[in-house]
Structure formats: structure tokens, C-alpha cells
Amino acid sequence: MSQFFQIHPENPQARLIKQAADIVRSGGVIAYPTDSAYALGCHLGDKSALERIRTIRRLDDKHNFTLMCRDLSELGNYARVDNSSFRLLKNLIPGPYTFILRATPEVPKRLHHPKRKSVGLRVPDNQICLDLLAELNEPLMSVSLILPGEDLPMTDPYDIRDTLANHVDLVIDGGYCGMEATSVVDLVDDVPVVLRRGLGDVSQFEQAL
């Protein structure tokens, strides 16, 4: 049975955040809130936990995971960010955007796009998530919590607990956090390309760089 932490969305309890981080470090899979939807997360580079998430979601090995980062500085450790991209990112994060950037050697190869050597990264505007990332002091491997056969992510932490009690190690109840996906913006080349319109204003990317 998974553990269930009720964490205040604006003033997260430090004790519970530390316990959640310890669960991640020990190889656990967690369901947690972000600024767009609930997500599944695990320790960076933990192949076993990653495969557990693939099993829950029924994902093949081509599905791209996102690295959840706590700030722009950490994101820059895992992605190559030039000056123009830096200015754009600085204005938009934290926020509901996933950015595709060229990966640095810090990113496990199995998380790279096989041809482009790129990776998806984001800095969420959610205090629980940011505090957890700060406690971990490294990114979370993450994917939206959308169950097989469904089109939308789960939104109710109690439903998540009831459904995934035997499949995840922790469910963090951070309240309702919506069900709309992030906007995805490709910054690998010189001109930003919007790959998915979701939360977040993407009209600005025509003049952003």
C-alpha cells in the first residue's frame, strides 16, 4: 500500500517534503501535483523506477519523460542553453511550459531523443513540487498521470490513492491542480517551435527570439 501525504499547497510541511524526498531517493515512485496536472515521478537515473512508471502508464520505450527542475540554474545543468534561449526561459519559468533543448552529458542516455539528443525540461509553478525538488537537489524524472485508455490526467488525489495504492509508493495530496497539459516549445534550433498548445501563452514565441 502506498503512503498518502496531505501537504499544504502554499506552505508545504518541511517534514513531509523531506519524507517524500527520501522515498524518491530510495527508489520509490510517487504521484504528485504540478502546476498543470498530477504526475508520476521517480529518481533521476533510476531505471527500475522508470520501468515501473512505464508499466503503470503502459508506455513503450520511445515515450519521452520530462525532467522537472527547481530553477533555471538547475535546468542549465541538464540542457544546453544559449543566450537567446536563456532570456526566453528567464521570462517564462516557473510556469506551465515544457521546453525541448539539447541534452548535456548529465542526462541519462535513455532519456535522450535517439536522433536529436534532446530532452524535455520544465520548472513548474507549484510550491509543493518546487520544495520537493529543492530537497532532492536534482531533477525528477516525470510524466503526466494519465492512465491507459484515458485521454485526461487524474485530478483527485483520493482517486489516485484508490487506483494506484498497489503501484506507487507515495501519493501527495496537494489539492486540485487541473487537467490541462503544458505547452511544449522546441528550442533546439534557432527559432522556437510550438509542438503543443496547452497551458501558458504561446503567442509570444513568434517574437521571443
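The values are calculated or read from the model by the stated rules, or taken from the named source; none is laboratory data. The structure displayed is predicted, hence computed values, not measured ones. Neighbour counts are summed over all protein chains in view; Cβ atoms, including those assigned to glycine, are modelled from backbone coordinates with ideal geometry. The area values use the complete protein model at the heavy-atom level, side chains included, leaving out ligands, DNA and RNA. Shrake-Rupley method; radii C 1.70, N 1.55, O 1.52, S 1.80 Å.
The listed residues are PHE65, PHE86, and the only one of them that is aromatic (Phe, Trp, Tyr) and either over 24 Å from ARG197 (Cβ atoms) or open to solvent by less than 50 Å² (accessible area, probe 1.4 Å) (or both) turns out to be PHE65.
Scanning the range 186-200 for residues that are under 18 Å from PHE86 (Cα atoms), at pLDDT 85 or above and among the charged types (D, E, K, R) yields a total of 2.
Return the pair list, or none, for Cβ contacts closer than 8 Å from residues in the range 26-47 that are closer than 19 Å to VAL107 by Cβ to residues that are at pLDDT below 90, at least 6 apart or on different chains. What qualifies is LEU44/PRO108; GLY45/PRO108; LYS47/ARG110.
Taken as a whole, the range 120-139 holds no residue that is more than 30 Å from GLN19 (Cβ to Cβ) and over 14 Å from the mean Cα position of the chain (by Cα). Suppose the filter is closer than 21 Å to LEU50 by Cα and either crowded, with 18+ Cβ neighbours inside 10 Å or out of contact with any Pro (no Cβ under 7 Å at 6 or more places or on another chain) (or both); does VAL81 pass it? The answer is no for VAL81. Please verify whether the range 175-185 includes one or more residues that are at pLDDT 90 or above and open to solvent by 40 Å² or more (accessible area, probe 1.4 Å). The answer is no; no qualifying residue exists.
Can you find even one residue in the range 67-89 that is more than 22 Å from THR155 (Cα to Cα) and of a type in the set (Phe, Trp, Tyr)? Yes: the range 67-89 contains one or more residues that are more than 22 Å from THR155 (Cα to Cα) and of a type in the set (Phe, Trp, Tyr).
Within the range 68-78, the only residue that satisfies the criterion of being in contact with a strand residue (DSSP E or B) (Cβ under 8 Å, 6 or more places away or on another chain) and open to solvent by 20 Å² or more (accessible area, probe 1.4 Å) is TYR78.
Residues that are crowded, with 21+ Cβ neighbours inside 10 Å and of a type in the set (Phe, Trp, Tyr) were ranked within the range 1-47; the one that is farthest from LEU199 (Cα to Cα) is PHE5.
Would you confirm, using the coordinates I've provided, whether SER85 is more than 14 Å from the chain's Cα centre (by Cα), modelled with pLDDT of 95 or more, small (Gly, Ala, Ser) and more than 23 Å from CYS177 (Cβ to Cβ)? Answer is no for this residue. Residue count for the range 89-108 under the criterion of being of a type in the set (Val, Ile, Thr), in a loop (DSSP other than H, G, I, E, B) and either open to solvent by 10 Å² or more (accessible area, probe 1.4 Å) or under 17 Å from SER203 (Cβ atoms) (or both): the result is 2.
The set of residues in the range 157-201 that are of a type in the set (S, T, N, Q) and more than 21 Å from ASN126 (Cα to Cα) comprises THR163, ASN166. Considering only the range 175-190, I want to know if a residue exists there that is under 26 Å from ASN11 (Cα atoms), touching a Gly at 6+ places or on another chain (Cβ under 6 Å) and not polar (S, T, N, Q). Yes - at least one qualifying residue is present in the range 175-190.
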